[in-house]
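A.B. asks: Below you'll find the structure I mean.
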Amino acid sequence: MLDAFSRAVVSADSKTACIGGAELDSLKSFIADGNKRLDAVNVIAGNASCIVSDAIAGMICENQGLIQAGGNCYPNRRMAACLRDGEIVLRYITYAVLSGDASVLEDRCLNGLKETYAALGVPLQSTGRAVGIMKASSLAHINNNNTEAQAGSRYKKNEMAQGDCSAITSEAGSYFDRVISALS
Ligand SMILES: CCC1=C(C)/C(=C/C2=NC(=C\c3[nH]c(/C=C4\NC(=O)[C@H](C)[C@H]4CC)c(C)c3CCC(=O)O)/C(CCC(=O)O)=C2C)NC1=O
């Protein structure tokens, strides 16, 4: 498992080189923008149960066969496993956002997941859709532009500093995209 710092060390060591200019510049911005990263993690983790349950509900709403006999969210035991998997995926994404590196997500969550799902008959496309909804909702939370229209009675305005979140948004988005592509 790597993070932005250990990744720089591993990459320098593989070239038998000292940590140099470009690597230090990228670490400098990692530190300078650290509070944005912490806010992003906090806002996803703090809204995780809402983000997960909304995504699974949305996935089922669009494909109700999932909760009928023969569907992979039927009976409740499977529904619970699906919600749990949504939480697992989102949790590993928060770890990746925190460390600025996807390896924790790749190694501990995605490695072998597609094969596991294939063996269990868990539909990959539906999982991808749920992850896509979690992505939209998480990125809205990072940018603090989640709305009452989207969230209904569960709407919660997040208290955090306003600023340019474009870099952390696209980085966080890339971790969701990794999950989707690992499952397709
Ligand atoms: C550390 C990381 C980690 C991951 C990622 C993980 C995933 C994981 N999901 C599983 C099952 C499952 N996963 C789902 C998920 C879904 N079904 C659907 O229709 C939806 C599309 C989707 C939810 C979005 C379901 C229904 C099962 C149970 C399948 C079965 O027992 O038939 C299983 C099989 C064992 C079990 O049931 O607990 C594993 C290992 N476990 C882990 O420890």
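A.B. asks: Kindly indicate the residue of segment 161-184 that is without any contact (Cβ under 8 Å) to a residue 12 or more places away in the chain and open to solvent by less than 90 Å² (accessible area, probe 1.4 Å) and also farthest from Ala55 (Cα to Cα) among those meeting that condition.
C.D. replies: The first filter runs over segment 161-184 and keeps only residues without any contact (Cβ under 8 Å) to a residue 12 or more places away in the chain, leaving 164, 166, 170, 181.
Now restrict to residues that are open to solvent by less than 90 Å² (accessible area, probe 1.4 Å): 166, 170, 181.
Working: Ser166: 23, Ser170: 20, Ser181: 18 Å.
Selected residue: Ser166.
A.B. asks: What is the number of the single condition among (1) away from the ligand (no atom under 16 Å from the Cβ); (2) in the same structural domain as Ile133 (by TED's automatic domain parsing); (3) basic (Lys, Arg) that Arg7 does not meet?
C.D. replies: Against the list (1) away from the ligand (no atom under 16 Å from the Cβ); (2) in the same structural domain as Ile133 (by TED's automatic domain parsing); (3) basic (Lys, Arg), Arg7 comes up short only on (2).
A.B. asks: Something else about it: For a quick check of your reading of the model, give me the residue pairs whose first member lies in segment 67-89 and is in contact (Cβ under 8 Å) with a residue 12 or more places away in the chain, whose second is open to solvent by 60 Å² or more (accessible area, probe 1.4 Å) and near the ligand (Cβ under 6 Å from one of its atoms), with beta-carbon atoms closer than 7 Å and at least 6 apart or on different chains.
C.D. replies: Correct list of pairs: Asn72/Arg78.
A.B. asks: Which residues, counting only those in segment 123-160, are near the ligand (Cβ under 9 Å from one of its atoms) and open to solvent by 30 Å² or more (accessible area, probe 1.4 Å)? Before the answer, list the steps.
C.D. replies: Residues of segment 123-160 near the ligand (Cβ under 9 Å from one of its atoms): 123-131.
Of everything in segment 123-160, those that are near the ligand (Cβ under 9 Å from one of its atoms) and open to solvent by 30 Å² or more (accessible area, probe 1.4 Å) turn out to be Pro123, Leu124, Gln125, Arg129.
A.B. asks: Given the residues Asp85, Asp25, Asp3, Asp13, which is the only one that is of a type in the set (D, E, K, R) and open to solvent by less than 40 Å² (accessible area, probe 1.4 Å)?
C.D. replies: When all the criteria are applied, what remains is Asp85.
A.B. asks: State which residue pairs qualify: first residue farther than 21 Å from Ser166 by Cβ and inside segment 141-152, second residue at pLDDT 90 or above in any location, beta carbons under 8 Å apart, and separation of 6 or more residues or different chains.
C.D. replies: Ala151/Cys50; Ala151/Asp54
A.B. asks: Output the residue which, of all residues in segment 1-23 that are farther than 24 Å from Asp107 by Cβ and touching a helix residue (DSSP H, G or I) at 6+ places or on another chain (Cβ under 8 Å), is modelled with the highest pLDDT.
C.D. replies: We begin by selecting, within segment 1-23, every residue farther than 24 Å from Asp107 by Cβ; these are 16-18, 20-22.
Those still in the list that are touching a helix residue (DSSP H, G or I) at 6+ places or on another chain (Cβ under 8 Å) too: 18, 20.
Details: Cys18: 93, Gly20: 86.
Only one residue tops the list, namely Cys18.
The values are calculated or read from the model by the stated rules, or taken from the named source; none is laboratory data. Please read these numbers as outputs of a predicted model, since none were measured by experiment. Note that each Cβ is placed from the backbone with ideal geometry, even for glycine, and that neighbours are counted across all protein chains shown. Quick note on the areas: whole protein, heavy atoms, side chains included, nothing else; ligands and nucleic acids left out. Shrake-Rupley method; radii C 1.70, N 1.55, O 1.52, S 1.80 Å.
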